[in-house]
1. Step by step: first the residues of region 138-163, then only those that are more than 11 Å from the ligand (Cβ to nearest atom) and in a loop (DSSP other than H, G, I, E, B), then the one that is least open to solvent (accessible area, probe 1.4 Å). Which residue is that?
2. Are any residues in region 211-249 in a helix (DSSP H, G or I) and open to solvent by 80 Å² or more (accessible area, probe 1.4 Å), and if so, which ones?
3. Test A122 against the stated conditions and say whether it is more than 12 Å from the ligand (Cβ to nearest atom) and farther than 18 Å from I240 by Cα.
4. Considering only region 107-137, state which residues are touching an Asp or Glu at 6+ places or on another chain (Cβ under 6 Å) and open to solvent by 30 Å² or more (accessible area, probe 1.4 Å).
5. I want to confirm something. Restricting to region 184-210 and keeping residues that are outside any helix (DSSP H, G or I), modelled with pLDDT of 85 or more and within 14 Å of the ligand (Cβ to nearest atom), which single residue is surrounded by the most Cβ atoms within 10 Å (Cβ to Cβ)?
6. Answer with yes or no whether F104 is outside any helix (DSSP H, G or I), more than 10 Å from the ligand (Cβ to nearest atom), among the hydrophobic types (A, V, I, L, M, F, W, C) and open to solvent by 30 Å² or more (accessible area, probe 1.4 Å).
7. Looking only at region 169-183, filter to residues that are surrounded by 20 or more Cβ atoms within 10 Å (Cβ to Cβ) and more than 15 Å from the ligand (Cβ to nearest atom); which one of those is farthest from the chain's Cα centre (by Cα)?
8. Could you tell me which residue of region 59-68 is farthest from the ligand (Cβ to nearest atom), considering only residues that are surrounded by fewer than 20 Cβ atoms within 10 Å (Cβ to Cβ) and in a loop (DSSP other than H, G, I, E, B)?
Amino acid sequence: MTKLTGKVAIITGANSGIGLATAKLFAREGAKVVITGRREEALKEAASEIDGEVLAITADAGKIDDIKRVISTTVSKFGSIDILFPNAGIAPFFPVEQTSEALFDEVIGTNLKGPFFLVKEAIPFLNDNGVVIFNTTIAHTKGFPHTGAYVASKAGLRSLVRILTSELKEKGIRAVAVSPGPIDTPIFSKLGKSEEEVEQMGAAFAAQVPLGRFGSADEIARAVVFLASSEASFVNGAEIVVDGGLSQV
Ligand SMILES: NC(=O)c1ccc[n+]([C@@H]2O[C@H](COP(=O)([O-])OP(=O)(O)OC[C@H]3O[C@@H](n4cnc5c(N)ncnc54)[C@H](OP(=O)(O)O)[C@@H]3O)[C@@H](O)[C@H]2O)c1
């Protein structure tokens, strides 16, 4: 399989879930993969599971100095960048009434400010015909309660996709997003809820999905490979929904 042969790809938040599944597929398709995350041990383990050329950088996706270091380290090793997948994200679900300023800042900082500045720092090193792929969510098109700060961050990314299609067009760089429905990853154990609450929430989500289940990280990774490859050469400015039909009912 050679859909991404020789391409240099940065994937943030790739020691777990969708990021790790995507890193594995990217490498299998021939890409050189740069992965980031905050938990160093998990990142080392993830790197060892990726079959191909991989560079692991411990970095906080919301911190500008770390973002600059991710780009400079990548460019020092690989020269330039073809695929940018700012995937790192957090999803603490709380009603607006219970959302503190600190929590709001953390969610926006990680999910929106981080990707924004990662793209900014990467632009000078993005190759012609490169691609920026954001990871949004179908939740920003719905009114699911308790998702306020989270969907605000992801709706921001959806808008940014459109802006980048205009601003990066001279170099033929595409900007797109993958918009997952509920996907079975460790993110749900990090919501700040009890195990019972998480299970109830998961069952409620799964019941609403026409296909009757959560998606897998691999099902999202396959869509991201498509968006990153030349097979998606005329897909631009769009958000590809991968949600088992949830957003349509
Ligand atoms: N799972 C779903 O149902 C779903 C649905 C729609 C969209 N998404 C999006 O998919 C993306 C990946 O989530 P996932 O479901 O795969 O969850 P996950 O398994 O929890 O993965 C999240 C990744 O982001 C990293 N991360 C979080 N905060 C970070 C920070 N400040 N700096 C660097 N890395 C950070 C985590 O690494 P560390 O813990 O080491 O920092 C981890 O590698 C997120 O943007 C999420 O919003 C998920």
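1. By that ranking, first place goes to F144.
2. If the condition is that a residue be in a helix (DSSP H, G or I) and open to solvent by 80 Å² or more (accessible area, probe 1.4 Å), then R222, S230, E231, Q248 are the ones that fit.
3. For A122, the condition - more than 12 Å from the ligand (Cβ to nearest atom) and farther than 18 Å from I240 by Cα - is met.
4. Answer for region 107-137, where residues must be touching an Asp or Glu at 6+ places or on another chain (Cβ under 6 Å) and open to solvent by 30 Å² or more (accessible area, probe 1.4 Å): just N127.
5. For region 184-210, the residue satisfying everything is T185.
6. Taking the combined requirement at face value, the residue does not satisfy it.
7. Filtering first and then ranking leaves I173.
8. K63
The values are calculated or read from the model by the stated rules, or taken from the named source; none is laboratory data. Everything numeric here is computed off the predicted structure, so don't read it as measured data. Reconstructed Cβ throughout: ideal geometry from the backbone, glycine too, with neighbour counts over all protein chains shown. Note: accessible area is taken over every heavy atom of the protein model, side chains too, but ligands, DNA and RNA are not part of it. Shrake-Rupley method; radii C 1.70, N 1.55, O 1.52, S 1.80 Å.
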